[in-house]
Amino acid sequence: MNGNGSEANGALAVSMRDVTKVYQMGEVEVHALRGVSVDLEVGGFLVLLGPSGSGKSTLLNILGGLDVPTSGQVLYRGQDLTRADEGELTRYRRRRVGFVFQFYNLIPSLTARENVELVTEISEDPLPAQEALDIVGLADRSSHFPSQMSGGEQQRVAIARAIAKRPDILLCDEPTGALDITTGIQVLEALERVNRDYGATTAIITHNAAIATIADRVVSLADGRISRQHVNETRAAASTIQW
C-alpha cells in the first residue's frame, strides 16, 4: 500500500473493457458477464451491487486475476492482464491484490498473528503482522485463536492478512454477509481506514444497498450487465449506516 487515496487524481488502477465471461456447463452456456466495462481509480472505493447470479463475483475474480475473461480486455496500470500467462497472473495476485471473502478462511490451529504471518512470509515488502492487526483494531487479540474470536474479529483478521502484503488493490466479496450489523460496521470501518489512510484501491461486492453509501462510486449489476452507475457526492461513514 502506498500513498493516500486523496492522491488518486483520476488515475486508473484497473480498467475492464467489454468483458464477457461464458462458462460451459455440459451442453449449456452460462453467460456470467455480458460486455462489462468498469474502472477502478487509484485510491478509490467502489461498491458493486446486485442480486445473487448477477455476475458480481465473476467480475471481482477477473479484476483480481483469479479468473480470465472469455473476451474483452483487463488492464492493470496499463499492463494487459488478458495477455498474461499463468505465472504473470500469479505474481499479480501475490504482489498487487489482497482478497477478503465472506468466510474468513483462517487456519484454526494458528493464532491471529500467525494467520497474518502466512502472507508476510511470501510477500516482498510486507507490513509486520502486528502492525496489520493494529490497523484493524486487533492489536490486543493477536495471540488468540479463531475459536476464541467473534465473527467480526475473525473477518478483521482476514482483512489484516490481506493488507499485510501492502496490496495496491483490495477486493472484498460479501465481507459482511455472515455478520450482524454491529460487527459488520466494525469490518466496514476497518476497510474505510485501509482505503483512507493507506491508499488501497478498494472494491466491495454486496447485495446490501445500504453499504453503497460509503463508496466513492457504485456500480449495479443485473444478469451479467451493468444496470446503473453513480457517484456519491459525499461518502457516508460506515458508523452511520443502517441495514
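Our helix-only sum for the chain, with -39,500 (n - 2.57) per DSSP H run of n ≥ 4 divided by its residues, gives a mean residue ellipticity at 222 nm of -8000 deg cm²/dmol.
Look at where the Cα atoms of region 198-243 and of region 27-84 average out, and the two centres are 16 Å apart.
First select every other residue whose beta carbon is under 11 angstrom from the beta carbon of L40; then total the charges, Lys and Arg +1, Asp and Glu -1. Summing Lys/Arg as +1 and Asp/Glu as -1 gives -2. Counting protein heavy atoms only, the chain has 47 percent of its accessible area on carbon and sulfur, 1.4 angstrom probe.
Computed extension gain for T234 through E86, at 0.36 nm per residue and net of the alpha carbon distance, reaches 49.3 nm.
Once Lys and Arg get +1 and Asp and Glu get -1 on their Cβ, which of G78, L118, L138 lies farthest toward the positive end of the dipole of region 58-162? Selected residue: G78. For region 80-168, chymotrypsin sites (Phe, Trp or Tyr not before Pro) are listed when DSSP marks them as loop and at most 15 other Cβ atoms sit within 10 Å of their Cβ; the list is F103. Among G26, G35, G64, whose mean-square fluctuation peaks in a Gaussian network model of the chain (Cα, cutoff 10 Å)? Between G26, G35, G64, it is G26 that shows the largest mean-square fluctuation. The heavy atoms of V28 offer some 80 square angstrom of accessible surface to a 1.4 angstrom probe.
Taking region 71-105 and a reference point 7 angstrom along Cα→Cβ of E29, the backbone N atoms nearer than 19 Å belong to 71-73. Modelled this way, with points 7 Å down the Cα-to-C-beta line, the labels at I107 and A210 are 3.6 nm from one another. Computed extension length for R94-E124: 9.9 nm, one decimal, from 0.36 nm per residue of separation with the Cα-Cα distance subtracted. Looking at the chain, the DSSP beta bridges with both ends there are about 55 percent antiparallel. In the full protein context, the chain carries 45 Å² of accessible surface per residue, based on a 1.4 Å probe and ignoring ligands, DNA and RNA.
The values are calculated or read from the model by the stated rules, or taken from the named source; none is laboratory data. Since this is a predicted model, take the numbers as computed values, not measurements. We place every Cβ from the backbone using ideal geometry, glycine too, and count neighbours over all the protein chains shown. For the accessible areas, the whole protein counts, side chains as well, though only heavy atoms, and no ligand, DNA or RNA atoms are used. Shrake-Rupley method; radii C 1.70, N 1.55, O 1.52, S 1.80 Å.
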